[in-house]
Amino acid sequence: MVAPLYTTASGLLFHAGKILVCTVGLPARGKTHVSRALERYLRWTGVKTTVISLGDYRRKVLGGAHQLPPDYFTLGEKSPETIKLREKVLQGCEQQIWDFFNAGGQVVIYDANNGTRERRNAVAEKFDKAGIHVIMLESLCDNEEIIMANIRSYRGWDPEKAVADYYNRIKDHEIHYEPVEETTWPYIRIINVGEKIMVNRIQGYLQSRIVFFLMNIHNRFRTIYFARSGQSLIEHSYKADSDLSPAGWEYAEKLKEFVLERRAKSLEQRGINPSERRLVIWTSARRRSHHTAWPFLTHNASDPSPPAKVKVIERPQMSEINPGVWDGLSPEQVRKYYPDEWERFVNDPYAYRAPRAESYHDLCVRLEPTLIELEREREDLLIIGHASVIRCILAYLIGLPASEIPAIEVARGDLIEVVPTSYGVYSQAHHFWDGPGRAASGKDEHNFYENYAEDTQGKRRPETQPGAEAVPVAV
């Protein structure tokens with residue numbers, strides 16, 4: 001259900017109308033993580049979606065918690081000053097919701113506690129009168145490890161201070177918290193961020209897709225690595241499916257060494273023993289992709305001891321984009337033999353499909369089951385893939401528009417590291433290879449349909465010096 005290539009007069013998709021998803025739950029129950037993950041998925045499907053966070057809006061308008069009256073976060077009796085401040089934040093936040101809907105938005109995820117029946121019903125009734133479908137999304141959690149991880153993930157907080165402050169808030173809110181038991185509104189109840197899910201009165205295609213997605217998520221810490229496969233003997237042919245060249249095998253060994261070293265350092269910094277955590281590797285069924293993973297299954301004298309726990313999985317859906325009749329042609333040859341098709345391709349490299357080929361849109365549709373498996377995967381993951389496939393998956397994780405997918409440069413010899421967090425993803429690139437098969441621009445003249453990076457509004461990775469690390473970017 002990747003974003004369709006059509007639009008509607010109303011701007012709404014799937015005959016679903018406008019939907020307000022109100023999160024419900026005590027602090028540190030994973031509401032923000034669930035909200036951001038759902039936003040990313042719905043945007044990928046083409047639905048105009050946003051998260052309106054009460055906490056973020058409050059910090060923007062009133063400043064940090066230390067600048068607020070002592071009774072701001074406690075329930076019960078409050079001072080007139082606190083009542084005025086809270087009402088100001090609530091009204092401003094609700095106005096943002098109205099503004100998004102009025103501007104053509106379809107789904108708003110209202111990220112707030114909404115812990116009392118009176119409060120959430122007041123919000124729901126207000127939007128229900130305007131014809132907006134309301135869904136309660138309750139997040140319950142009794143797993144102390146998950147709660148502690150959620151507390152420590154808050155941005156701009158000293159971890160120990162965050163723990164002390166939030167435990168005080170949680171204790172106060174627990175006294176007044178009212179679980180969603182009323183059946184007035186459709187609701188989704190998630191327990192321990194995906195361990196169990198309950199639904200009530202969910203109707204229609206889009207609401208069902210929301211439930212389907214939420215059934216497949218978790219918030220366990222993990223790192224996702226991306227690397228291109230090694231150089232092959234026949235680099236520019238899609239049909240050949242050739243094996244790795246000698247330089248390709250050397251690249252595979254270097255990739256293994258770099259990934260295991262980088263991963264061990266990252267896990268040790270978090271107090272995790274690398275030998276106790278498994279690394280899952282996904283490849284396509286093409287030889288150059290699968291064989292690049294082979295060194296991870298062997299143990300050399302120079303490897304860390306004990307050997308890393310590794311599992312390699314072939315995913316046929318991750319095969320590179322099919323170039324059709326353009327297979328093996330250079331841009332100059334395509335301009336000469338297919339001038340009309342070339343012009344259409346340059347105008348829309350995402351949606352255009354060359355003769356008997358796939359477009360990037362086709363590839364995204366093919367990869368959707370893989371994206372759901374990506375959300376389900378709980379272990380550290382290394383994806384050894386083709387440039388076109390890595391572009392699509394990166395665009396999903398980072399939240400780039402579909403039109404920018406062909407413009408993402410993925411150079412062989414760079415390891416891209418992505419860490420999903422509650423507020424988005426943290427990504428950085430590490431350079432480890434300068435041998436044969438690496439092109440600084442990430443392009444191959446005779447395989448440009450796979451590696452073409454059009455000069456549109458695409459995000460460009462800054463050039464890095466050999467051996468240097470790119471500046472980390474929080475996306």
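Odds and ends about this structure:
- Nitroxide proxy distance, nm - points 7 Å out along Cα→Cβ at Tyr426 and His66: 2.2
- Across the stretch 165-176, rounded Karplus estimates of 3J(HN,Hα) from the backbone phi angles (6.51 cos²θ - 1.76 cosθ + 1.60, θ = phi - 60°) give 5, 6, 5, 5, 5, 4, 4, 5, 5, 4, 5, 9 Hz, Gly and Pro being marked x.
- Placing Thr7, Thr32, Thr283 in order of accessible area, with the largest value first and a 1.4 Å probe, yields Thr7, Thr32, Thr283.
- Distance between the C-alpha centres of the stretch 341-356 and the stretch 169-206: 46 Å, rounded to the whole angstrom.
- Taking only protein heavy atoms and a 1.4 Å probe, the accessible area of the chain is 51% carbon and sulfur.
- Probe 1.4 Å, protein heavy atoms only - accessible area per residue of the chain in square angstrom: 45
- Potential lengthening between Phe221 and Arg277 on full extension [0.36 nm per residue; Cα-Cα distance subtracted]: 19.0 nm
- Electrostatic tally near Ala130: other residues with Cβ closer than 15 Å to its Cβ, Lys and Arg +1, Asp and Glu -1, net -1.
- Surrounding net charge for Pro69, when Lys and Arg each add one and Asp and Glu each subtract one, Cβ distance under 12 Å: +1
- Cα Rg, Dmax, the stretch 226-330, angstrom units: 15.8, 52
- Its DSSP H runs of at least 4 residues, each contributing -39,500 (n - 2.57), put the calculated 222 nm mean residue ellipticity of the chain at -11500 deg cm²/dmol, to the nearest 500.
- Projected label points at Ile202 and Glu181, each 7 Å from Cα along the beta carbon direction, are separated by 2.3 nanometres.
- Cβ-derived FRET efficiency at R0 56 Å, Asp172 paired with Ser330, nearest 0.05: 0.25
- Note on Lys88: aspartates and glutamates with a C-alpha under 19 Å away, same-chain residues under 8 apart excluded, are Asp56, Asp71, Glu77, Asp99, Asp111, Glu118.
- An ellipsoid equivalent to the chain, defined through the eigenvalues of its Cα gyration tensor, has semi-axes of 43, 28, 18 Å when rounded to whole angstrom and sorted largest first.
- When the surface is traced with a 1.4 Å probe over the full set of protein chains, Glu314 keeps roughly 90 Å² accessible.
- Note on surface exposure: Tyr238, Tyr41 rank Tyr238, Tyr41 by accessible area, highest first, 1.4 Å probe.
- Rolling a 1.4 Å probe over the protein chains gives Leu297 an accessible area of about 100 Å².
- Extension gain for the segment Lys239 to Ala103, taken as residue separation times 0.36 nm less the Cα-Cα distance, is 44.3 nm to one decimal.
- Cβ-based net charge around Phe213, under 13 Å, with every Lys or Arg adding one and every Asp or Glu removing one: +1
- Computed over the alpha carbons of the stretch 96-235, Rg followed by Dmax gives 19.5, 67 Å.
- Scanning residues 5 or more positions from Gly46 or on other chains, those with amide H under 5 Å from its amide H are Ala3, with H placed 1.01 Å from N in the peptide plane.
- The chain: angle of helix 360-376 to the longest principal axis, Cα-based, in degrees nearest 10: 60
- Links that overshoot a 21 Å alpha carbon limit, given the list Lys18/Lys126; Lys18/Lys60; Lys48/Lys196; Lys265/Lys309: Lys18/Lys60; Lys48/Lys196
- Full-stretch length increase - Val312, Glu77 - with 0.36 nm per residue and alpha-carbon distance subtracted: 78.8 nm
- Angstrom value of the Kirkwood radius, inverse mean 1/r, which spans all Cα pairs in the stretch 38-135: 14.8
- The chain: angle of helix 31-44 to the longest principal axis, Cα-based, in degrees nearest 10: 50
- Kirkwood hydrodynamic radius of the stretch 173-221, Cα pairs, Å: 12.3
- Rounded to 0.05, the FRET efficiency of the Ala285 and Tyr6 pair, given R0 = 22 Å and the Cβ-Cβ distance, is 0.10.
The values are calculated or read from the model by the stated rules, or taken from the named source; none is laboratory data. On a predicted model such as this, the values are computed, not experimentally measured, just so you know. Positions of Cβ are backbone-derived with ideal geometry, glycine not excepted, and every protein chain shown enters the neighbour counts. Side chains included, ligands, DNA and RNA excluded: accessible areas come from the protein's heavy atoms. Shrake-Rupley method; radii C 1.70, N 1.55, O 1.52, S 1.80 Å.
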